[in-house]
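Below is one structure; the comments refer to it alone.
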Amino acid sequence: MSEMVQAASIGWVGSGIMGSSMAGHLLRAGHRLRIHTRTRAKAHALLDAGAEWAQTAADAARGADFVCTSVGMPDEVEDVYFGEAGVLKAVTAGQVLIDFTTSAPSFAVRVAAAAHALGASALDAPVSGGDVGARNAALSIMVGGDESCFFQAKPLLEKLGKTIVHQGAAGSGQRTKIVNQILVAANTLGMCEALHFAAGAGLDGQKVLASVGGGAAASWSIHVLAPRVLNGDFEPGFFVEHLVKDLRIARDAAAELDQVLPLVDLCLARYEALVAAGFGRKGTQGIYLLYGAR
């Protein structure tokens, strides 16, 4: 099985902040890569490194052993799979589809059912770790779908991440990512509010991080995003507008379960306010800008 994966051909759709690094790891591992993205210029580095260009998502998928997708918004991933030139127009029996996009669990179930009807398999495999994790092939990958398909794809996933867990049936990866995004949003909001307080109290931010970064408050937000805030760096490792999308998915999924998640509502309102202020393309640490400190 691992020998087959080692020689696998891959159709790849999407070359944003995360997708470009992930596709690059597979290309450097010796896989044949055919790539499509809405803006060809974003794929130049991969094309220069030996990837082939595909005119459409269907062209990227045609004949590939694995078809991987990593795009941004719900309308994009809908079109990538179910559009007139979408992946499912070209899928044939035996192919494995892996969607790294964060989307609704119900969407993952639809893709899995459509793939199954064509004799193929599908995994929902959203990732966490941001731009740093993608560059370092150290992502956490949360996988939903058939277990045998998961083990078939695992050697490929191991080239992209360090923590790879099969969560259950189709949609389970996306539900786990909802858990992840609730934690990320809350931690990042709390980190920025804490740094705002520290600045107002006249504390040295670097010294504060030295104290709290090794205690019970330690988190990825503290170690990776807080230094960026202190340096005035609000460029994206993960876009604000994408976190807003994820929190809306969390809100809707909770409603389907008749759950009330007040912290999700609070985080969503704050991040929506950040988008309304014109900062949707900043990194999630940009929530600090709402405090007017910079």
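The values are calculated or read from the model by the stated rules, or taken from the named source; none is laboratory data. In this text, all values refer to a predicted model and were calculated from it rather than measured experimentally. Ideal geometry is used to build each Cβ from the backbone, glycine not excepted, and the neighbour counts take in all protein chains shown.
Has the range 58-72 got any residue that is modelled with pLDDT under 95, of a type in the set (D, E, K, R) and surrounded by fewer than 24 Cβ atoms within 10 Å (Cβ to Cβ)?
no
Anything in the range 85-96 that is in a loop (DSSP other than H, G, I, E, B) and either buried (at least 19 other Cβ atoms within 10 Å of the Cβ) or assigned by TED's automatic domain parsing to the domain that holds residue 243 (or both)? List them, or say none. Even if it seems obvious, please write down each step before you answer.
Restricting attention to the range 85-96, the residues satisfying the condition of being in a loop (DSSP other than H, G, I, E, B) are 85-86, 90-95.
Hits for the range 85-96 are 86, 90, 91, 95.
Hey, which of the helices (runs of 4 or more DSSP H) in the range 200-275, taking only ones fully inside, have at least 2 residues that are over 21 Å from residue 17 (Cα atoms), at pLDDT 95 or above and outside the structural domain of residue 75 (by TED's automatic domain parsing)?
205-212, 240-256
Please work out which residue is farthest from residue 178 (Cα to Cα), limiting yourself to the range 226-244 and to residues that are touching a strand residue (DSSP E or B) at 6+ places or on another chain (Cβ under 9 Å) and not small (Gly, Ala, Ser). I'd like the intermediate steps shown before the answer.
Residues of the range 226-244 touching a strand residue (DSSP E or B) at 6+ places or on another chain (Cβ under 9 Å): 228, 233-240.
Next cut, not small (Gly, Ala, Ser) only: 228, 233-236, 238-240.
Details: 228: 25, 233: 26, 234: 24, 235: 23, 236: 20, 238: 15, 239: 16, 240: 16 Å.
My answer is 233.
Inside the range 246-269, can you point out the residues that are out of contact with any helix residue (DSSP H, G or I) (no Cβ under 6 Å at 6 or more places or on another chain) and crowded, with 16+ Cβ neighbours inside 10 Å?
Selection gives 248, 249, 254.
How many residues does the range 122-141 contain that are crowded, with 24+ Cβ neighbours inside 10 Å and in a strand (DSSP E or B)?
6
Restricting to the range 29-46, and then to whatever is in contact with a Gly (Cβ under 9 Å, 6 or more places away or on another chain) and assigned to a helix (DSSP H, G or I), can you tell me which residue is farthest from residue 85 (Cα to Cα)?
45
Which members of the range 73-84 meet the condition of being surrounded by fewer than 15 Cβ atoms within 10 Å (Cβ to Cβ) and at pLDDT 95 or above?
Hit for the range 73-84 is 84, nothing else.
Given the structure, is residue 38 closer than 17 Å to residue 153 by Cβ, out of contact with any Lys or Arg (no Cβ under 8 Å at 6 or more places or on another chain) and surrounded by fewer than 24 Cβ atoms within 10 Å (Cβ to Cβ)?
no
Quick check, is residue 124 closer than 19 Å to residue 69 by Cα, among the acidic types (Asp, Glu) and touching a helix residue (DSSP H, G or I) at 6+ places or on another chain (Cβ under 7 Å)? I'd like the intermediate steps shown before the answer.
Details: closer than 19 Å to residue 69 by Cα: yes; among the acidic types (Asp, Glu): yes; touching a helix residue (DSSP H, G or I) at 6+ places or on another chain (Cβ under 7 Å): yes.
Spelling it out, residue 124 is indeed closer than 19 Å to residue 69 by Cα, among the acidic types (Asp, Glu) and touching a helix residue (DSSP H, G or I) at 6+ places or on another chain (Cβ under 7 Å).
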